[in-house]
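Accompanying notes for the structure given below.
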Amino acid sequence: MRIAVVGAGIAGLSTAWSLNKRGHDVTLFEQAPQIPNPYAASGDQHRIIRRAYAGADGYARTISEAFEAWEELWADLGTRHYAPCGTLGVSQTPDDEGDAYLQGFDRVGSPYELYEPAEASRRYPFLDAATIRYAYLNREGGALFPARIAAGLVRLLRERGAMIREGVEVAAIDPEAGKLTLADGEQASFDRVVVSAGAWVLKLLPDLAETLTTYRTAVVYLDPPEDLKAAWQAAPVIVDVGGTIDGYVLPPVDGTGLKFGAGIHKRPRQPAEEREPRLGEGEMLRDYFSPPFARIAEYRVDRVVTCAYTFTADRKFLSRQIGRVTAVSACSGHGYKFGASVGRRVAAAVESGDQAGLLRWLRAE
């Protein structure tokens, strides 16, 4: 089949990869002049892959398939764009999110090492032992490197004969005809179309507005105190820091920066709206992480990166069949870790027509 994939984030790239492996004639459209799009949700230096989930046991089990799919991709790329540094969780108060993640490990039988406060701060001296109940380490998971993965997939797809059209904006889609109209007026028809346009999906498929909302948020890159740099470079990813903080941390592994993320700046916005950081936004986000991190004011803000995500009400994946179009949205920002497996599943559903099965898998039901 002749298949168009609209959007070259991780879902689009991995879908194009899988469709190409299955022998289809694939054309990938990306509106940014270069892949990855710096405004895309699935870009940036590094993203978490983890077994840890709080109440979403289905996703905790589904991640096994994701790990296997990434291994298939590493074999095709000839390298692993992944640092298996493990995942750390922290609890500050009873029944906080740190507690919920630990209970999730117990339910799915995933092993971990549990540390009392003094031992946790000895191992990870950036933690303030006086502010935590415990910490725990699961050795499965770590950091994926999106920019490197995107570059590798672009190279691989071109080598295998797929057409990649960077800097080409799709202005409209006729789902019933499988016809794309580009911003310059060019039109092209395909047997099937996969729309994985992230925060821009509502521009192309406005009927999804009843299900999806686009939000703007931000992450901050920090330069830690000199005496803590070695500890951070050797640290695992931190899936949750406990207390009232819904936050995560990616350590500066393999040449990346120290990244703190939380939803305190999340607000409904159009994908290109308010993309420049506001004055003091980085410092506010940094300070949000004290406790459990000690000496937080000594961390210098290096830069702030804004992001745009689409969310469903329940923060789960979405897929929708509209004529010849399969629309896929990761939702909630947690989709990157499943990226390679999403591509394989979407490709299989495009072939089989089993959209109901795809949606069940995407929702980990």
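The values are calculated or read from the model by the stated rules, or taken from the named source; none is laboratory data. What you are looking at is a predicted structure, and each value in this text was computed from that prediction instead of being measured. Glycine also receives a Cβ, built like all others from the backbone with ideal geometry; neighbour counts cover every protein chain displayed. The accessibility values were calculated without ligands, DNA or RNA, using every heavy atom of the protein model including side chains. Shrake-Rupley method; radii C 1.70, N 1.55, O 1.52, S 1.80 Å.
Restricting Arg300, Arg278, Arg295, Arg269 to residues that are within 15 Å of Ala41 (Cα to Cα) and either open to solvent by 60 Å² or more (accessible area, probe 1.4 Å) or over 22 Å from the mean Cα position of the chain (by Cα) (or both) narrows the list to Arg269. In the set Ala330, Ala347, Ala308, Ala340, only one residue is at pLDDT below 90 and closer than 29 Å to His24 by Cα; that residue is Ala330.
Out of Val195, Val220, one residue alone is under 24 Å from Gly12 (Cα atoms), of a type in the set (A, V, I, L, M, F, W, C), open to solvent by less than 40 Å² (accessible area, probe 1.4 Å) and touching a helix residue (DSSP H, G or I) at 6+ places or on another chain (Cβ under 8 Å). It is Val195. The combined condition, being in contact (Cβ under 8 Å) with a residue 12 or more places away in the chain and open to solvent by 10 Å² or more (accessible area, probe 1.4 Å), is not fulfilled by Asp95.
Only one of Arg360, Arg286, Arg345 is in a helix (DSSP H, G or I), open to solvent by 20 Å² or more (accessible area, probe 1.4 Å) and either touching a Cys at 6+ places or on another chain (Cβ under 6 Å) or closer than 14 Å to Phe260 by Cβ (or both). Can you tell me which? Of the residues listed, the single one that is in a helix (DSSP H, G or I), open to solvent by 20 Å² or more (accessible area, probe 1.4 Å) and either touching a Cys at 6+ places or on another chain (Cβ under 6 Å) or closer than 14 Å to Phe260 by Cβ (or both) is Arg286. Exactly one residue out of Ala60, Ala69, Ala8 is part of a loop (DSSP other than H, G, I, E, B), under 29 Å from Ser352 (Cβ atoms) and under 18 Å from the mean Cα position of the chain (by Cα): that is Ala8. Looking across the stretch 123-148 at every residue that is under 23 Å from Tyr299 (Cα atoms) and charged (D, E, K, R), the one that is least open to solvent (accessible area, probe 1.4 Å) is identified as Asp128.
Among the residues of the stretch 223-237, those identified as surrounded by 19 or more Cβ atoms within 10 Å (Cβ to Cβ), outside any strand (DSSP E or B) and among the aliphatic types (A, V, I, L, M) are Leu228, Ala235.
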